[in-house]
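First up is the structure itself, then whatever we jot down about it.
The values are calculated or read from the model by the stated rules, or taken from the named source; none is laboratory data. All values derive from a computational prediction rather than experimental measurement. No Cβ is skipped: glycine too gets one built from the backbone with ideal geometry, and neighbour counts run over all protein chains shown. Surface accessibility is based on the protein's heavy atoms, side chains included, excluding ligands, DNA and RNA. Shrake-Rupley method; radii C 1.70, N 1.55, O 1.52, S 1.80 Å.
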Amino acid sequence: MELQGKNIVVIGLAKTGLATVEFLLARGARVTATDMNPEALAAAAPPGLKTAPYDPETVLRDAELVVPSPGVPPVDPILTAAVAKDIPIMSELELAGRFLRIPMVAVTGTNGKTTTTSLIGHILARCGRKVFVGGNIGAPLIGYVGGPQSDDWAVIEVSSFQLQWSELLHPAVAVLLNVTVDHLDYHHTFIAYRVAKERLFTNQTAADTTILNGDDPGTKALLRRLGTRILRFSSTSPVIPGMYAENDTLLHVSPEGEKETYPRSLVKLPGNHNLENVMAAVLAARCCGCDPEGVAAAVASFAGIPHRLEYVGERRGVSFYDDSKGTNVDAVFRALATFTAPVVLLMGGRDKAGDFRPLISVLKEKAKRLVLFGEARETIGAVIGGIVPTESCPTLREGIATAAAAAAPGDVVLLSPGCASFDEFRDYKARGRFFQEQVKALAHD
């Protein structure tokens, strides 16, 4: 792809946007960047970069290509104007993919992406492979492809936002963990959201591998449309070829019928959903040539990722868990289902047009109290408030204090917000760190 002299617009100047700008400038493109945040626009400093106010007519005047940062919705006025003017739109991931020279393992899904991506990278590294891990997690792929690309594999977390504007992306191994309702504020319908996720497989061929959740309702229809080597995983029933749980064993069956067994006890992460994440990661790692013994040792040594059902500590017999990364309803459901002890659940933040009704049954079964906080507290409360005793707080700080006061010895206080963090915090990580700081401060009360 020739970029020299091309007029390219970059929307958004956070980490991914800035990395995109630097990549394009290094290849001789004429880059104009814009951001809805005037401070971000003013801070953009790479030599040769032109900035412009967030106005479609101004920004798109000479544009030949538009590259939106992840999270810029399709209804963004600059994107809608670009579509009307037939100006091509390309995600950062798509752009980077065109310059990637090593094979890619791409992981998408509503929940579990970060855990599974991190675990695949961990297994490959422990098995002696050189690996880059990034994408929607950590370092943008566009920053990597500008370097020497000296690794064996690129393991990439992929969001629906990135896939929305992808056309030629071609992973050697593509993993779809699950698809449940999320990001309707961005995609508007569940069908559009699922279609975006399934774009991951568009360019795969018979030489590539697709790894799917055998328990996901949409998998059966998807299977009929794929012409790849397909592996499935399941926590409920046998899937061949693939990997499934059978009593205390995880059984791996290759397309050639060869069997491997992994003790279920290797999995240190709580919850049935993490069992699925591990099976998906094992399948991917075996596709990358890792041997069973190395895979098993790597899985046993993996302790999980921050802010995903992370144990924070105990205060007066109450256990506190940080699941700040749980930003949708399905994530809350899975987190609640993990615990046998009574749960005081903290939910709230900025609503993503989620449907909270599926939580009713698991709340009745697992939760003793619901503490709602932040911008979405009234929206959530109108749907599931009162299912169990419910309290409402303007901020997370007040919510934590309320939840701690309501919990008794033996209980769990779980932060699993089911919402974005942007009403109070920069991102889910900042929210999780705040929760952990507050819990530690409680211990000194």
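The table below gives the values:
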quantity	calculated
Unique match (being in a strand (DSSP E or B), modelled with pLDDT of 95 or more, within 21 Å of PHE23 (Cα to Cα) and open to solvent by 20 Å² or more (accessible area, probe 1.4 Å)) among PHE99, PHE132	PHE132
Which listed residue is open to solvent by 10 Å² or more (accessible area, probe 1.4 Å) and either over 17 Å from VAL72 (Cβ atoms) or within 17 Å of the chain's Cα centre (by Cα) (or both), from ALA154, ALA172	ALA172
Filter pass, LEU283 being surrounded by 18 or more Cβ atoms within 10 Å (Cβ to Cβ) and in contact with a strand residue (DSSP E or B) (Cβ under 8 Å, 6 or more places away or on another chain)	yes
The range 322-380, residues that are acidic (Asp, Glu) and in contact with a Phe, Trp or Tyr (Cβ under 7 Å, 6 or more places away or on another chain)	ASP322
The range 9-30: number of residues that are crowded, with 24+ Cβ neighbours inside 10 Å and more than 20 Å from GLY135 (Cβ to Cβ)	1
Strands (runs of 3 or more DSSP E) fully within the range 175-287 counting 2 or more residues that are charged (D, E, K, R)	229-234, 259-263
Residue selected from the range 327-362 under the condition β-branched (Val, Ile, Thr) and over 21 Å from the mean Cα position of the chain (by Cα), by the criterion most open to solvent (accessible area, probe 1.4 Å)	THR340
Any chance SER118 is surrounded by 21 or more Cβ atoms within 10 Å (Cβ to Cβ), out of contact with any helix residue (DSSP H, G or I) (no Cβ under 6 Å at 6 or more places or on another chain) and among the hydroxyl-bearing types (Ser, Thr, Tyr)	yes
Elements of type helices (runs of 4 or more DSSP H) in the range 327-386, at least 1 residues being touching a His at 6+ places or on another chain (Cβ under 9 Å) and under 15 Å from CYS419 (Cβ atoms)	329-338
The listed residue being of a type in the set (Lys, Arg) and more than 21 Å from ASN272 (Cβ to Cβ), out of ARG350, ARG334	ARG350
Subset of the range 297-326 that is open to solvent by less than 20 Å² (accessible area, probe 1.4 Å) and not in a loop (DSSP other than H, G, I, E, B) - its residue that is nearest to ALA408 (Cα to Cα)	VAL318
Out of ALA420, ALA430, sole residue that is touching a strand residue (DSSP E or B) at 6+ places or on another chain (Cβ under 9 Å) and open to solvent by less than 30 Å² (accessible area, probe 1.4 Å)	ALA420
Qualifying residue in the range 65-76 (condition: modelled with pLDDT under 95, over 21 Å from the mean Cα position of the chain (by Cα) and either more than 22 Å from ALA298 (Cα to Cα) or among the charged types (D, E, K, R) (or both))	yes
Test: ALA84 is open to solvent by 60 Å² or more (accessible area, probe 1.4 Å) and at pLDDT 95 or above	yes
Number of the condition not met by VAL9 [criteria: (1) among the β-branched types (Val, Ile, Thr); (2) within 16 Å of GLU92 (Cα to Cα); (3) at pLDDT below 95]	(3)
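Conditions (1) open to solvent by 30 Å² or more (accessible area, probe 1.4 Å); (2) of a type in the set (A, V, I, L, M, F, W, C); (3) in contact with a Gly (Cβ under 8 Å, 6 or more places away or on another chain), marked per residue:
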| residue | (1), (2), (3) |
| --- | --- |
| GLU375 | yes, no, yes |
| GLY386 | yes, no, no |
| ALA404 | no, yes, no |
| VAL412 | no, yes, no |
